[in-house]
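Here, each number is a calculation from the coordinates, and none is a lab measurement. Here the structure is a predicted model, which is why all the values come from computation and not from measurement. For neighbour counting, all protein chains shown are included, and Cβ atoms are generated from backbone atoms with ideal geometry for every residue, glycine included.
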Amino acid sequence: MKVSVSILSNSIKPQDIVKKLNDSSADYIHLDIMDGKFVENKTWTISEVKKIISYSNIPLDVHLMVNNPLKYIDEYALLNTEYIIFHYEAVKNIKEVIDYIKNYGLKVGISICPDTDVKVLFPYLKDIDEVLIMSVYPGKSGQTFIENSVNKIKELKEEILNQNVKTIISVDGGINSETGLLCKEAGVDMLVSASFIHQDITNNIKILKNL
C-alpha cells in the first residue's frame, strides 16, 4: 500500500511534519492547496509551500481544492511534483485541465467530493493516472470517515478493471488503521492520511503501508 502524508494539521507545523517524513517510509507528501472559495479554508501561498517542502526530497501529491486550477498548475508543476489533482466539481472543461497538466509531463488526478457520483469519472479513466475519493467533506482535517466511500471505491475498481486501464485509486479523509483496511479490501492503491499519521509519524505510516 502506498501512503501519501497530508501535512495539514491543527497542532503541528507543516515543516516539522515534513522533516520527520525524511526518516519514514512515506511515498508522497500530500499538499492540500485551498483557495477559500471552493472550500472555506485557505492554505499556503506558493512561497510558503516552497519553504515547507525545502526540508524534504519526497515527491509531492498536489491536491488543488480550488475553483480555478489552471491558475495554480504552472507554479506547482515546477516543484518536486509527481501528481497534480483537481476537483471534478470545480471545472467545466475537464479535458482542458487534464491536457494542461500532462503538458508538464506530470501525472493527472481527479478528485470527487462525497456527494458526487463516481460514475461521472468513468469517461476520463483512460486519460488520467489517479482518482482521489474524498471520504470526508474537503477543507478540514480530523473528520470522520464516510462509510459509503467504500462502495464508491468498489464501483470504481470494477470499472477500472472493465476498461483495463492503469488508473490508481486513492482515498483521503478519516483514514486510520481500521478505515484504511476497509479501503484496501475495496481496491484502493494509496491512502492519504493526516490526523492518524501525525499521532506517531514513523510508526503509523508503517502501519498503513503494511495493511
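Quick notes
- The range 32-140: Lys pairs at Cα distance under 19 angstrom, eight or more positions apart or on different chains: 20
- Residue among P114, P123, P69 with the largest mean-square fluctuation in a Gaussian network model of the chain, springs linking Cα atoms under 10 Å: P123
- 18 Å Cα-Cα reach of K154 towards aspartates and glutamates, excluding residues that sit fewer than 8 places from it in its own chain: D115, D117, D129, E130, D172, E178, E185, D189
- In a DSSP loop and with at most 16 other Cβ atoms within 10 Å, the trypsin sites (Lys or Arg not before Pro) in the range 1-87 are K37.
- Dipole of the chain, positive end: most advanced residue of M1, Q15, P114 [Cβ charges, Cα centre]: Q15
- Dipole magnitude for the chain: computed about the Cα centre from +1 point charges on Lys and Arg Cβ and -1 point charges on Asp and Glu Cβ, it is near 300 debye.
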